[in-house]
Amino acid sequence: MGQSFFIWNGRDCRSMGVNLRGPVPIVRPEERVRHVEIPGSSGDLTETEGENIYNSYIQTASISVRGGFRVREVYRWLRGAGYVTFSGEPDRRQAARIIGAITLNRHSRNLDKWEGEVQFYCQPLKQKLTEKTITLTNNGTVRNDGDVNAKPLYKITCSNSDVVISALGDSTPEDNSLTITARTPDEVIWVDTKLMEVYNSDKTALLTKYSVGNFPVLSPGENNFAFYNASSVEIEKRERYL
């Protein structure tokens, strides 16, 4: 088995003289639910907040640092918010913030080794290190290899007014389409389903007011993707994993 490690904001811990004293576990996040007691009935009713809604969680990494001179350097590095990758899933990253105090204690008088813990407050859904982008010039099938609905970024090259994009998968809403009124026949527009916004070609102006409908998500598995009055649609899928 290879050496355990983590990467914080693009920097491998090993390049900082930091080693893990054990692997960080792979966590499946807890689903967000509410338990309601029913008067006169044993047990309770479990209510979910929504489909695929999960709680953030804390990942604790036990670390050691060789050389007291590096302790302050490590403190400056391990702070704030960003993205973390753990060696258990080296092809994925997740948004996180470092929380709590980091205390490094000297392990031995004769060995200049300092040990402690760092806590990452992790957002529940992970993403691949490299986002998958595809370009369609005709209606076709788009696959989401993630575990939950993806909220893509679409780049649309219009060919007429009243552009329509839609997706139909196993768990997508029945009405999963958006219509945008293009200001010029060959306009390039961006549709961000995560932010639920529409932008012009250089993302300097909001065009959301020219749209109506639902921002198309991609359900896990195959999705039938269709578009009208556009010459091409570029899709950054933004797949997410538990």
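The values are calculated or read from the model by the stated rules, or taken from the named source; none is laboratory data. None of the values given here were measured: they were computed from a predicted structure. Here Cβ is always computed from backbone atoms with ideal geometry, including for glycine, and neighbour counts include all displayed protein chains.
What to note about this one:
- When residues in segment 58-101 are screened for being loosely packed, with under 15 Cβ neighbours inside 10 Å and touching an Asp or Glu at 6+ places or on another chain (Cβ under 7 Å), 4 of them pass.
- With respect to the conditions (1) of a type in the set (G, A, S); (2) out of contact with any Phe, Trp or Tyr (no Cβ under 7 Å at 6 or more places or on another chain); (3) under 26 Å from K132 (Cα atoms); (4) in contact (Cβ under 8 Å) with a residue 24 or more places away in the chain, A95 falls short on a single one, namely (2).
- Where strands (runs of 3 or more DSSP E) fall entirely within segment 30-95, those with at least 1 residues that are outside the structural domain of G146 (by TED's automatic domain parsing), of a type in the set (K, R) and at negative phi are at 33-37, 57-66.
- Scanning segment 150-169 for residues that are of a type outside the set (A, V, I, L, M), closer than 19 Å to L125 by Cβ and either in contact with a Phe, Trp or Tyr (Cβ under 8 Å, 6 or more places away or on another chain) or surrounded by fewer than 23 Cβ atoms within 10 Å (Cβ to Cβ) (or both) yields one hit, K151.
- Subset of segment 169-197 (residues that are out of contact with any Gly (no Cβ under 8 Å at 6 or more places or on another chain) and β-branched (V, I, T)): T172, I180, T181, T184, V188, I189, V191, T193
- Counted residues, segment 106-136 - those being polar (S, T, N, Q) and not in a loop (DSSP other than H, G, I, E, B): 4
- Qualifying position, being within 18 Å of the chain's Cα centre (by Cα), of a type in the set (S, T, N, Q) and crowded, with 18+ Cβ neighbours inside 10 Å, among T193, T172, T133: T193
- Test: T208 is within 30 Å of R97 (Cβ to Cβ), of a type in the set (V, I, T), at pLDDT 90 or above and surrounded by fewer than 18 Cβ atoms within 10 Å (Cβ to Cβ): yes
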